[in-house]
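J.: Here you go, one structure.
Please treat every number below as a calculation from the coordinates, not as lab data. Bear in mind that the values here come from a model prediction, so they are computed numbers and not experimental data. A quick note on method: Cβ atoms are made from the backbone with ideal geometry, for glycine too, and the neighbour counts reach across all protein chains shown.
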Amino acid sequence: MANYKPKSRLTAKDYINGVLKCDRVILSRAITIIESNLESDKILAKEIIQTILPNSGNSIRIGITGVPGVGKSTFIEAFGKHLISQGKKVAILSIDPSSQRSRGSILGDKTRMEELVNMEDAYIRPSASGDTLGGVANKTGETMLLCEAAGYDVILIETVGVGQSETAVHAMTDFFLLLMLSGAGDELQGIKKGIMEMADMIVINKADGDNIRQSEMAKLQYKNALHIFPQSESGWTPVVSTASSINNIGIDTVWNEILKYKEIVSKNGYFNKNRNHQQIQWMYNNINEELKRLFYTSEGVKNHLKNYENEIVSSKISPVKAAQKIIDAFKNSF
Ligand code: GDP
């Protein structure tokens, strides 16, 4: 199975040329190669990425998060259309480690972003499937590079708000946007402090109808809450605004703030510094994922795990000793 090579594959050159021409069919097929776990595809993927690398990076990468129901897809639909009206090309990716292709991921759901999905200058790709968040994040990162090489100059990476995925999105984006709701009771509920701390901007969505006054109050509360956090290294002070995604109100404000941010961090050097840091982290992330994969697929390890599990449960060996024995077996397998 490991050496199996599907017939439907193009040459690396064909994928590269197709991506650079922004042929969306080829782009999608190239992303499929990135997401594939076949050994032959992994080799192909590395060649494609390495070659398109000089054509990547020319975008602003925006992370978007918020609890389910906050209006992420409605916001992205409005925001994406606004960006396109400004002459931008937008790619929308997502990180959702829980998604599986067969079930259809949340972003792949046809009811989401109905208009955007049909627009020439928008490219929407459902989340890669995978067992580990790190693996999904790596694949999404490479997909982002392909989209940039294809000429998409705004990349939106949405997280479906399940714990750690926000951190993964933050680690691969330039600007982190948190969508919130004005709520009944405690305004700060539902979102972890650590996530608020990562935000460059908080948008109180659904600021319409009876909710306008409450949203303005929530805006003040979040502004005050953000003051507690230490000044970010970016030199940017996070902003809070309100929006109504269904009525297209406040959407332009978000983009204007992002442009201001980009100007400030480009001038003070943080933009490049942060990207360089992210690249290095990405390398380590890849090493970690690959090591894990090599470890758990090695014959010396795979065959003994169950035995050691049983020995641990029957108190024959301590977990620490079992771990050491398995690692020794791995080392000896070379
Ligand atoms: P997601 O789960 O975060 O992607 O949220 P959705 O975009 O699917 O929105 C959840 C629900 O909130 C849907 O019924 C939307 O129509 C509604 N919604 C989204 N944005 C707004 C808004 O600005 N105002 C109001 N009133 N409803 C909204």
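J.: With a point put 7 Å past each Cα toward its Cβ, work out how far Glu120 is from Gln86 in nm, to one decimal.
T.: 2.1
J.: Please list the non-local residues whose amide H lies under 5 Å from the amide H of Tyr123, H modeled 1.01 Å from N, same-chain partners needing a gap of 5 or more.
T.: Val90, Ala91, Ile92
J.: Oh, and also: For Ile76, what is the net charge nearby, where nearby means another residue's Cβ is under 12 Å from its Cβ and Lys, Arg count +1, Asp, Glu -1? Working shown, then result.
T.: Working: positive: Lys72, Lys81, Arg112; negative: Glu77, Glu114, Glu115, Glu158.
With Lys, Arg at +1 and Asp, Glu at -1, the neighbours total -1.
J.: Return the distance in nm (one decimal) between the two label points of a simple spin-label model at Thr253 and Lys292, each offset 7 Å from Cα along Cα→Cβ.
T.: 4.0
J.: Separate question: Provide the FRET efficiency to the nearest 0.05 for the Arg24-Gln50 pair, computing r from the beta carbons and using R0 = 25 Å. Display every interim value, and only then the final one.
T.: Values: r = 22 Å, r/R0 = 0.88.
FRET efficiency, Arg24 to Gln50: 0.70.
J.: Within the stretch 1-89, report the chymotrypsin sites (Phe, Trp or Tyr not before Pro) that DSSP leaves as loop and that have at most 15 other Cβ atoms within 10 Å.
T.: Details: sites: Tyr4, Tyr15, Phe75, Phe79; in loops: Tyr4.
In loop regions of the stretch 1-89 (DSSP not H, G, I, E or B), the sparsely surrounded chymotrypsin sites (Phe, Trp or Tyr not before Pro) are Tyr4.
J.: Evaluate the relative contact order of the chain (contact order divided by residue number), counting alpha-carbon pairs under 8 angstrom at least 6 apart; express in whole percent.
T.: Values: 497 pairs, mean separation 55.8, N = 334.
Worked out over the chain, it gives 17 percent.
J.: Among the trypsin sites (Lys or Arg not before Pro) in the stretch 227-327, which ones are in a DSSP loop with at most 14 other Cβ atoms within 10 Å of the Cβ? Mind listing them? Each step should come with its number before you reach the end.
T.: Details: sites: Lys260, Lys262, Lys267, Lys273, Arg275, Lys292, Arg293, Lys302, Lys306, Lys316, Lys321, Lys325; in loops: Lys316.
Answer in residue order: Lys316.
J.: Here is a follow-up. If you look for lysine pairs in the stretch 1-100 that are eight or more places apart or on different chains, how many of them have Cα atoms under 21 Å apart?
T.: Count of close lysine pairs: 15.
J.: Mind jotting down the distance between the C-alpha centroids of the stretch 17-94 and the stretch 209-253, whole Å?
T.: Taking the Cα centre of each part, the stretch 209-253 and the stretch 17-94 sit 28 Å apart.
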